[in-house]
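Encoded as structure tokens, the structure appears first; notes follow it.
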Amino acid sequence: MKEYKILSARFERPDGHKLSVYEQEGGYQALRKVLGGMDAAAVRETVKASGLRGRGGAGFPTGVKWGFVPQDAQEVYFFVNADESEPGTFKDRFLLDYDPHQTIEGTIISCFAVRAHLAFIYIRGEFGWLVDRVQTAVDEAYAAGYLGKDILGSGFDLDIIVHKGAGAYICGEETGLINSVEGRKGQPSIKPPFPAVAGFLGKPTIVNNVESVATVPWVINNGPEAYKAIGTEKSPGTKLFSVSGPVKRPGVYEIPLGLPFREFFQDYLGGMVEGEELKAVIVGGSSVPVLPAAEVMNVNLDYESLQQAGTMLGSGGMIVIPESCDMVELIQVLMHFYYDESCGQCTPCREGTGWLHKLVKKLRGGEGTPADLELLEHVCGGMAGLTICPLADAAVMPMRSFLGKFRPEFEALIQETATTGPRTRWPRGEQE
Amino acid sequence: MNKPVSDQKPLTPGEDTAARIDELAARYPNPASALMPCIWAIMDELGHVPPAGVDLLVAKLGVTRARVHEVLSFYTMYRTEPQAEYVLQVCHNISCHIMGARGIIAHLEKKLGIRLGETTPDGKFALEGVECLGACGMGPCLQLGKHLYEHLTPAKVDDLLDSLRRGEVPRADTDRELEA
Ligand SMILES: Cc1cc2nc3c(=O)[nH]c(=O)nc-3n(C[C@H](O)[C@H](O)[C@H](O)COP(=O)(O)O)c2cc1C
Ligand code: SF4
Ligand code: FES
């Protein structure tokens, strides 16, 4: 079990957030290297050559995205997406909590690469404590001359604004995020135009996930070849996985992409806690299809392998589900979430997420019939791929996979409640 | 921390908040884009955004009243009514659900004598179910203002409620020293 510490070197260190500690360990050397002799194109090429893929969910190559900013653009904006609201995901919080300067250094270098002079770090509103943490680190960076006018005497200017969200999952979608900072509802916009061409205030805008940005200093310091030497050919580098559920050691892990799940589960997570058996795993956050235990044991944790297995790497928010959990109950929890978070612009999403939630609730309420399972599938068919943003798909993917992989549980529930009556209580607690 | 219903501050943002709004409007690329942090500034002072707060935002940022209301109603954390002194927000999403969040909610309902979504008659406690708080591996969890309490057990909940009844907000799992 080889340890990789590209992103997680200062995790869980009580003083890891301090500028002095970050500098002692080589922090801001990448920025000095960039400002001391690289031009923007060279930085973009370096990141492109590293093969770094966006860690916010879609896995789009970061350097390639940067290249979409029109060369003649006068005003460019950069957004660090720290909205982190995908259920099961809590990795960006670790990066910003234990090591905010790594992300700040990455932001400065990224802005230099796309020629932006104003960056926003958009932190979800529920992370009020983290907003203070990051603001303190930004203030330190200003005081040390890493931010503001003429950074380190290079002539490059950059300001960073730490922006606090206010409770809306949809603001994690990049155009929703941009609209939110314009002082509007965080509703996504139709693409194209893509933000890299026309984003914030109609100007070219790059949105990157915290983890993508935090990787940039290492790539500059160590070179693209060193990064590509880790992971697989098409999924280079390391990835943070945040693991929840009844495993012995839940938490955030940095692993090389391509690591077999079996090894991760046994060596890193320590397997299940006593008395629980593995039933299924959602590997990449609540929006990706679930894999039953027998299937997940054979996958490798990289973009291509997971796609072949019928799911996605997503955000790396891994949710481990034990045998003791009822899958219909879990999908009801998830459908409630997507119904709640749909921004309401598109009819298939607004109505569809409501229907899915209502139907699953009806099943648990003892009024379900086998025809409702067909109806669930039919509603999914009317949502997928038909909306402005992928939130509708994010609801459909877990719904379809739960129904597809665990159909006997749905059928048994319909039969059982027909005789025993409705399940109006959550098994572990309060009334619904 | 939100103020008790019975002990409301004057329902007009003070001079410090007005100055903060000017500062934010100058810092953001245009005044309208500073709307969210300006709402936060009012929330931080008063616990909610009263009508006078809306007036102030319209006057200072040059945005329409409709825009302010649109934004206030879209984001779940913004409030336009006074809140209970302690709003306990328990995550009921998937990972916390697997780890027993419903049991924690049931325990809180019993202890507080209210149902999810209600406020105690004295205006001290409100109990809300919320979506993922980004503490999935440390669940069950609940949020109280800027404090996040993780790895909840009924005993930990009891300690929390006892402290709050004494007017003390105990140290949360996310409370850390910020000095450099
Ligand atoms: C509903 C929805 C929610 C999203 N939430 C987040 C989020 O919380 N954090 C994030 O980085 N990306 C999120 N994304 C993806 C962003 O739209 C965008 O692709 C990403 O921030 C780009 O960064 P990257 O290229 O570095 O991955 C979300 C997308 C959708 C459709
Ligand atoms: S798909 Fe849903 S969340 Fe996305 S824009 Fe449409 S209504 Fe809003
Ligand atoms: S599911 Fe409860 S914090 Fe994420």
So B:A26, is it away from chain A (no Cβ under 14 Å) and not polar (S, T, N, Q): no
Lone qualifier among A:G183, A:G167 - being out of contact with any Gly (no Cβ under 6 Å at 6 or more places or on another chain) and assigned to a loop (DSSP other than H, G, I, E, B): A:G183
Matching helices (runs of 4 or more DSSP H) fully within segment A:324-432 where at least 1 residues are within 16 Å of ligand 3 (Cβ to nearest atom): A:327-341, A:391-405
From the options B:Y86, B:Y75, residue that is under 19 Å from the mean Cα position of the chain (by Cα), away from ligand 3 (no atom under 16 Å from the Cβ) and within 30 Å of A:E140 (Cβ to Cβ): B:Y75
Members of segment A:219-270 found to be within 14 Å of chain B (Cβ to nearest Cβ) and more than 16 Å from ligand 3 (Cβ to nearest atom), listed by number: A:K248, A:R249, A:Y253, A:Y268, A:L269, A:G270
Selected residue [away from ligand 1 (no atom under 16 Å from the Cβ), within 20 Å of the chain's Cα centre (by Cα) and of a type in the set (V, I, T)] from B:T153, B:T119: B:T119
In segment B:89-106, the residues that are surrounded by 23 or more Cβ atoms within 10 Å (Cβ to Cβ), of a type outside the set (K, R) and more than 15 Å from the chain's Cα centre (by Cα): B:H92, B:N93, B:I94, B:S95, B:C96, B:H97, B:I98, B:M99, B:A101, B:I104, B:I105
Residue check, A:L269 in contact with a helix residue (DSSP H, G or I) (Cβ under 8 Å, 6 or more places away or on another chain) and at pLDDT 95 or above: no
Only listed residue being within 16 Å of ligand 3 (Cβ to nearest atom), crowded, with 24+ Cβ neighbours inside 10 Å and within 18 Å of the chain's Cα centre (by Cα), chosen from A:L130, A:L95, A:L177: A:L130
Residue match in segment A:288-301 (condition: within 11 Å of chain B (Cβ to nearest Cβ), in contact (Cβ under 8 Å) with a residue 40 or more places away in the chain, more than 16 Å from ligand 1 (Cβ to nearest atom) and closer than 20 Å to A:M399 by Cβ): yes
Whichever residue in segment A:359-397 is more than 16 Å from ligand 1 (Cβ to nearest atom) and within 14 Å of another protein chain (Cβ to nearest Cβ) and, among such residues, is farthest from A:I170 (Cα to Cα): A:R364
Output for segment A:329-349, where each listed residue is over 29 Å from A:A412 (Cα atoms) and at the interface with chain B (Cβ under 10 Å from one of its Cβ atoms): A:E341, A:C343, A:G344
Residue that is farthest from ligand 1 (Cβ to nearest atom), among those in segment A:184-218 that are within 14 Å of chain B (Cβ to nearest Cβ) and touching a Cys at 6+ places or on another chain (Cβ under 9 Å): A:K185
Selection from segment A:133-158 of residues that are crowded, with 16+ Cβ neighbours inside 10 Å and either part of a strand (DSSP E or B) or not assigned by TED's automatic domain parsing to the domain that holds A:R93 (or both): A:L158
A:L356 vs. criteria away from ligand 1 (no atom under 16 Å from the Cβ), of a type outside the set (S, T, Y) and touching a residue at least 12 places away in the same chain (Cβ under 8 Å): no
Residues located in segment A:59-110, provided they are among the basic types (K, R) and either more than 10 Å from every other protein chain (Cβ to nearest Cβ) or within 16 Å of ligand 2 (Cβ to nearest atom) (or both): A:K65
So A:I160, is it touching a residue at least 12 places away in the same chain (Cβ under 8 Å) and more than 14 Å from chain B (Cβ to nearest Cβ): no
Positions within segment A:1-52 being modelled with pLDDT of 95 or more, more than 26 Å from the chain's Cα centre (by Cα) and small (G, A, S), in sequence order: A:S20, A:G26, A:G36, A:A40, A:A41, A:A42
Matching residues, segment A:38-87, being β-branched (V, I, T) and in a helix (DSSP H, G or I): A:V43, A:T46, A:V47, A:T62, A:V64
Single residue of segment A:113-132 satisfying the filter (part of a helix (DSSP H, G or I) and of a type outside the set (A, V, I, L, M, F, W, C)) that is nearest to the other protein chains (Cβ to nearest Cβ): A:G128
Long-range neighbours under 8 Å by Cβ, at least six apart or interchain, first residue free of Cβ contacts under 8 Å to residues at least 60 places away in the same chain within segment A:394-419, second among the hydrophobic types (A, V, I, L, M, F, W, C) and not in a helix (DSSP H, G or I): A:V396/A:M383; A:V396/A:A384
Failed item in (1) away from ligand 2 (no atom under 16 Å from the Cβ); (2) assigned to a helix (DSSP H, G or I); (3) within 14 Å of chain B (Cβ to nearest Cβ); (4) in contact (Cβ under 8 Å) with a residue 12 or more places away in the chain, with A:I319 passing the rest: (2)
Members of segment B:101-147 that are facing another protein chain (nearest Cβ under 7 Å), in contact (Cβ under 8 Å) with a residue 12 or more places away in the chain and assigned to a helix (DSSP H, G or I): B:G103, B:I105, B:E109, B:C136, B:G137
Per-region count, segment B:63-83, residues in a loop (DSSP other than H, G, I, E, B) and either at the interface with chain A (Cβ under 9 Å from one of its Cβ atoms) or under 19 Å from A:S180 (Cβ atoms) (or both): 8
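The values are calculated or read from the model by the stated rules, or taken from the named source; none is laboratory data. Please read all numbers here as calculations on a predicted model, not as lab measurements. Every residue, glycine as well, gets a Cβ built from its backbone with ideal geometry; the counts of neighbours run over all protein chains shown.
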